[in-house]
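Accompanying notes for the structure given below.
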2 protein chains.
Amino acid sequence: MVSRNPHMAKLKAGYLFPEINKRKRAFLEKNPDAKLISLGIGDTTQPLEKHIAYSLTQAAFGLGTPEGYSGYGPEQGQPVLRERIAEKLYRNRIHSDDIFISDGSKCDIGRLQLLFGSEVSIAVQDPVYPVYVDTSIMMGQQEIIYMNCSPENNFFPDLSKLPRTDLIYFCSPNNPTGATANRAQLEQLVSFAKENKSILIFDAAYSMYIQDPTIPKTIYEIPGADEIAIELGSFSKMAGFTGVRLGWTVVPAKLEFEDGSLVKRDWDRIVSTCFNGASNISQIGGIGALDELGMAEMQNMVSGYLWNARKLRDLFVELGYPVVGGDNAPYVWVNFGEPSWDVFESLLCGAQVVATPGSGFGGAGEGFMRFSAFNSAKNTEEAVVRLRKHLTATKEVARV
Amino acid sequence: MVSRNPHMAKLKAGYLFPEINKRKRAFLEKNPDAKLISLGIGDTTQPLEKHIAYSLTQAAFGLGTPEGYSGYGPEQGQPVLRERIAEKLYRNRIHSDDIFISDGSKCDIGRLQLLFGSEVSIAVQDPVYPVYVDTSIMMGQQEIIYMNCSPENNFFPDLSKLPRTDLIYFCSPNNPTGATANRAQLEQLVSFAKENKSILIFDAAYSMYIQDPTIPKTIYEIPGADEIAIELGSFSKMAGFTGVRLGWTVVPAKLEFEDGSLVKRDWDRIVSTCFNGASNISQIGGIGALDELGMAEMQNMVSGYLWNARKLRDLFVELGYPVVGGDNAPYVWVNFGEPSWDVFESLLCGAQVVATPGSGFGGAGEGFMRFSAFNSAKNTEEAVVRLRKHLTATKEVARV
């Protein structure tokens, strides 16, 4: 018989969101009339803006006409979309040829494992978006270094204490913490990768949420980054395309392996062999999102979610909890100083609000909760009222 | 520095379609007024049928409304789509829980490599769709057995001569040959996999083209197949979704690894970790394609392409060439008995028709050409006129 892939057996069960759903269901069975508000999952909830929705609609309609029909496109993506990303999001710092359109970052993270193979060592932030680690384990990678990100280091890892790894995954604005690395920190990170001859995989899925003009929106604002960094981008959180599926990965032509061969050439081969391009409809929607009207609409949508984030952040600051995120990110990371799952239960039962236990993102997340801004303004306001009432009443005083 | 993944270096350059394009360009430079007709690439060319296009359009439009908006869906696909595939395409032989929606078979073939890992041995048909082999090599699989499919064995491999492998890839109706295995052959194949405790990966991307009612449209029509077979399905060639991106993979709950663990459980984990669901627009389009109107439209589109296939087949039969395919498949596989690239040049220069050299699909394809039916009826008719004239004039007499 066929043996089970031993790497699959090494994966821990993906228990976080299933466990949250289980507990929600149990609560709703006992309290069928409860009106839960979910600030749990990082999933967009608001309808697409008009012009962007219209672009998608036109693309879909066009497929029924001889002029608008298209079959397989280039696996690397439609040239117009690649050019528009280069121009609008990278100010042509990056050549459109180095931009590969995907059906989302999560999928490209999976394909990155095929690119690098099973022998590479990696470093990830802790707490961390679980997909970097899980896909690496699936691939058989053995050496995983966790870079602690906590209040003690202001949520930026102490690079001087880190061993060299082949790959460094770094997400900023961060999921789950909402912390955003500033220019000086990103310069450190690029230098560190250069000195170690590592490849930095920079996850910029939330870059559109950066409001502070001094914070770089892409790693390529740091000089020399194009020699060492791959960047992941996504329309999910900037255009509300979580369901539509559209993202991209930048693999600069300057990036080389030890033998002098181009990383980009192998990536191109991976993409051409294991992928068939993002949906033509989604790509045309992305082109619409990147014209003048679409850019304004994305900024508008992002502002709406950031308004929610600000409301949540202000609440916890007011109540005296240590808080990070929520200013340049759609996540607010709150230190409750108590076991995360206890806080989860308390908020669920006491305020009918669902948040995500920080411990689900790694050991360094214990004691924290992640609040997501991806809800309507109305629900967020209602959640704030309930949380204020509940937390004040139970006198859960913050640890400072 | 980071070492190049050694498996990537083992891949041969994907030269077939780039080489075809290079030769086309060279010809057009010398003959700028030539009107080439491409019967080369297996890519749909005709606009989507009305109701299916309308389903996609409605889905896209709906995303701009509170009622129609959706974010992340289940990675496994929308329940309604899974249920409709189970009902309409499998007559509920397969449970909808065992059907995993994807953004296309090519992408799922890549993910199958992650599922099985680097230690499995595989068998593939020769000639063969290159993606099975290329993705296996990327993953580091070493043992690849080629199952000769030629006129001598009527394009069905002599299983008695084959060694055991962990996986057997089998595509029917076949790309590139257009040959379709009959019930008795599929029964042999299932028995062979059972005896060897192999897993069969059955690629049924072209099953909608099967017109002969005695030929099974899915491997699960063969009793016991659900204990040993994974099946790949696709909307690309049945609904014209090559650009829209929608497919599925069936992993039956009965399929087990040697240690008794469920293959389906690991597949579910792969899909949840490296994938985020097919586009919600594509999925709603797929649901539309599988209602009564949509099914009739798909049948209509398939009939159109099969009409082209029949015209091409009839031509080569008339001219005395040995031919397979074109009756239950959109490909016509013609034995010219001369080096494939010589025939390619002759057809390009003499008839301004582009076909695909059979040798590009493996050693057993040398001497053959693949003609694709994915064009308009008008272009196909024109190609038939030109081919008849050219082949008669040059007296390229068929080998029998």
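The values are calculated or read from the model by the stated rules, or taken from the named source; none is laboratory data. Since this is a predicted model, take the numbers as computed values, not measurements. Backbone-built Cβ (ideal geometry, glycine too); neighbour counts: all protein chains shown. Heads up: the accessible areas ignore ligands, DNA and RNA and are worked out on the full protein's heavy atoms, side chains in. Shrake-Rupley method; radii C 1.70, N 1.55, O 1.52, S 1.80 Å.
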**Complete:** Checking B:G363, B:G325, B:G367 in turn, the sole residue that is within 19 Å of B:N175 (Cα to Cα) and without any contact (Cβ under 8 Å) to a residue 40 or more places away in the chain turns out to be B:G367
**Asked** From the residues in region B:220-242 that are free of Cβ contacts under 8 Å to residues at least 40 places away in the same chain, open to solvent by less than 10 Å² (accessible area, probe 1.4 Å) and not in a strand (DSSP E or B), which one is nearest to the other protein chains (Cβ to nearest Cβ)?
**Response** B:A225
**Request:** Inspect all residues belonging to region B:32-41 and state whether any of them is part of a helix (DSSP H, G or I), facing chain A (nearest Cβ under 8 Å) and either open to solvent by 50 Å² or more (accessible area, probe 1.4 Å) or polar (S, T, N, Q) (or both).
**Result:** no
**Prompt:** Of all residues in region B:370-380, which are out of contact with any helix residue (DSSP H, G or I) (no Cβ under 7 Å at 6 or more places or on another chain) and open to solvent by 10 Å² or more (accessible area, probe 1.4 Å)?
**Reply:** B:S376, B:K378, B:N379
**Prompt:** Quick check: anything in region A:67-76 touching a strand residue (DSSP E or B) at 6+ places or on another chain (Cβ under 6 Å) and under 28 Å from A:N276 (Cβ atoms)?
**Reply:** yes
**Asked** Among the residues of region B:77-95, how many are open to solvent by 30 Å² or more (accessible area, probe 1.4 Å) and within 14 Å of chain A (Cβ to nearest Cβ)?
**Response** 1
**Request:** Working carefully through the options B:G362, B:G367, find the one that is open to solvent by 10 Å² or more (accessible area, probe 1.4 Å) and on the phi > 0 side of the Ramachandran plot.
**Result:** B:G362
**Prompt:** So which residues in region B:313-346 are assigned to a helix (DSSP H, G or I) and open to solvent by less than 10 Å² (accessible area, probe 1.4 Å), if there are any at all?
**Reply:** B:L315, B:F316, B:S340, B:V343, B:F344
**Fill in**
Of the listed residues (B:I85, B:I94, B:I99, B:I109), the one being over 20 Å from the mean Cα position of the chain (by Cα) and not aromatic (F, W, Y) is B:I94
**Request:** Can you give me the ranges of the strands (runs of 3 or more DSSP E) entirely in region B:112-208 with at least 2 residues that are closer than 30 Å to A:E119 by Cβ and either within 14 Å of chain A (Cβ to nearest Cβ) or open to solvent by less than 10 Å² (accessible area, probe 1.4 Å) (or both)?
**Result:** B:122-126, B:167-171, B:199-203
**Asked** Taking A:A181, is it touching a Cys at 6+ places or on another chain (Cβ under 8 Å), under 25 Å from A:K237 (Cβ atoms) and among the aliphatic types (A, V, I, L, M)?
**Response** no
**Message:** Every residue in region B:299-312 that is buried (at least 20 other Cβ atoms within 10 Å of the Cβ) and under 19 Å from the mean Cα position of the chain (by Cα), please.
**Reply:** B:M301, B:V302, B:Y305, B:L306, B:N308, B:A309
**Message:** As an exercise: evaluate B:Q299 against (1) more than 10 Å from every other protein chain (Cβ to nearest Cβ); (2) more than 21 Å from B:F202 (Cα to Cα); (3) in contact with a helix residue (DSSP H, G or I) (Cβ under 6 Å, 6 or more places away or on another chain) and give the number of the one condition it does not meet.
**Reply:** (3)
**Prompt:** Can you find even one residue in region B:243-257 that is open to solvent by less than 10 Å² (accessible area, probe 1.4 Å), closer than 17 Å to B:Q78 by Cα, facing chain A (nearest Cβ under 8 Å) and among the aliphatic types (A, V, I, L, M)?
**Reply:** yes
**Message:** Can you pull out every residue in region B:96-111 that is assigned to a helix (DSSP H, G or I) and open to solvent by less than 10 Å² (accessible area, probe 1.4 Å)?
**Reply:** B:C107, B:D108, B:I109, B:G110
**Asked** What number of residues within region A:348-359 are within 19 Å of A:P18 (Cα to Cα) and open to solvent by 10 Å² or more (accessible area, probe 1.4 Å)?
**Response** 3
**Residue list for region B:2-16, filter: open to solvent by less than 70 Å² (accessible area, probe 1.4 Å) and either more than 7 Å from chain A (Cβ to nearest Cβ) or polar (S, T, N, Q) (or both)** = B:S3, B:N5, B:A9, B:L16
**Prompt:** Given (1) more than 20 Å from B:G240 (Cα to Cα); (2) open to solvent by 40 Å² or more (accessible area, probe 1.4 Å); (3) at the interface with chain A (Cβ under 7 Å from one of its Cβ atoms), where does B:E67 come up short, assuming only one miss?
**Reply:** (3)
**Request:** Please go through region A:137-193 and pick out each residue that is more than 22 Å from the chain's Cα centre (by Cα) and among the small types (G, A, S).
**Result:** A:G140, A:S160, A:S191
**Prompt:** Going by the conditions given, is A:A26 without any contact (Cβ under 8 Å) to a residue 60 or more places away in the chain, within 12 Å of chain B (Cβ to nearest Cβ) and either of a type in the set (A, V, I, L, M, F, W, C) or assigned to a loop (DSSP other than H, G, I, E, B) (or both)?
**Reply:** no
**Message:** Of the residues A:R265, A:R269, only one is open to solvent by 10 Å² or more (accessible area, probe 1.4 Å), closer than 15 Å to A:E227 by Cα and basic (K, R); which?
**Reply:** A:R265
